[in-house]
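Notes follow once the structure below has been shown.
The values are calculated or read from the model by the stated rules, or taken from the named source; none is laboratory data. Being a predicted model, the structure only gives us computed values, none of them experimental. So basically every Cβ, Gly included, is an ideal-geometry build from the backbone, and we count neighbours across all protein chains shown.
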């Protein structure tokens with residue numbers, strides 16, 4: 001039986017709640033990722049910022065202050081202002097099928113992986129499942 005730990009991404013790019021949206025924008029663009037786990041100084045999970053939340057905040061800023069001021073406000077807006085604080089976590093030893101059902105039923109784009117429910121061990125995304133499906137279909 002395959003487990004979450006068999007498919008999850010272990011090496012993650014993270015940010016802190018105090019980091020700015022401009023920093024997240026740079027990370028997402030440079031590494032072509034859509035989900036940024038947010039951790040505090042102790043490495044505990046503080047939240048999650050996805051491209052969806054980032055874009056919603058960027059549109060809000062643009063509507064309120066104009067597109068010409070977007071970068072200025074991204075540079076001073078902390079991630080904590082728009083990150084999801086309630087995030088779905090799963091244990092690394094959870095069966096992969098169960099995690100896949102959770103992604104599908106709850107319509108999550110990703111799940112943070114934590115053995116103790118507090119510290120980040122990895123992340124499992126819908127993209128990981130697509131990669132798995134392709135590997136299985138090519139066998």
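Which of the residues spanning the range 82-102 are surrounded by fewer than 17 Cβ atoms within 10 Å (Cβ to Cβ) and within 17 Å of residue 28 (Cβ to Cβ)?
Residue satisfying the conditions is 84 alone.
Could you tell me whether residue 105 is more than 11 Å from the chain's Cα centre (by Cα), under 19 Å from residue 130 (Cα atoms) and surrounded by fewer than 12 Cβ atoms within 10 Å (Cβ to Cβ)?
Yes: the conditions hold for residue 105.
For the range 41-71, give me each residue that is in contact with a strand residue (DSSP E or B) (Cβ under 7 Å, 6 or more places away or on another chain) and exposed (fewer than 13 other Cβ atoms within 10 Å of the Cβ).
Correct list: 43 only.
Can you say whether residue 7 is in contact with a helix residue (DSSP H, G or I) (Cβ under 6 Å, 6 or more places away or on another chain) and either at pLDDT below 95 or under 23 Å from residue 132 (Cα atoms) (or both), as far as the supplied structure shows?
The answer is yes for residue 7.
Before we move on, is residue 74 more than 30 Å from residue 116 (Cβ to Cβ), touching a helix residue (DSSP H, G or I) at 6+ places or on another chain (Cβ under 7 Å) and surrounded by 12 or more Cβ atoms within 10 Å (Cβ to Cβ)? Steps first, answer last, please.
On the way: more than 30 Å from residue 116 (Cβ to Cβ): yes; touching a helix residue (DSSP H, G or I) at 6+ places or on another chain (Cβ under 7 Å): yes; surrounded by 12 or more Cβ atoms within 10 Å (Cβ to Cβ): yes.
So residue 74 fits the description; yes.
Against the definition (under 21 Å from residue 11 (Cβ atoms) and either assigned to a helix (DSSP H, G or I) or at pLDDT 95 or above (or both)), how does residue 124 come out, yes or no? First the steps, then the outcome.
Numbers: under 21 Å from residue 11 (Cβ atoms): yes; either assigned to a helix (DSSP H, G or I) or at pLDDT 95 or above (or both): yes.
In short, yes.
Hey, can you tell me all the residues within the range 28-40 that are free of Cβ contacts under 8 Å to residues at least 60 places away in the same chain, buried (at least 17 other Cβ atoms within 10 Å of the Cβ) and touching a strand residue (DSSP E or B) at 6+ places or on another chain (Cβ under 8 Å)?
28, 36, 38
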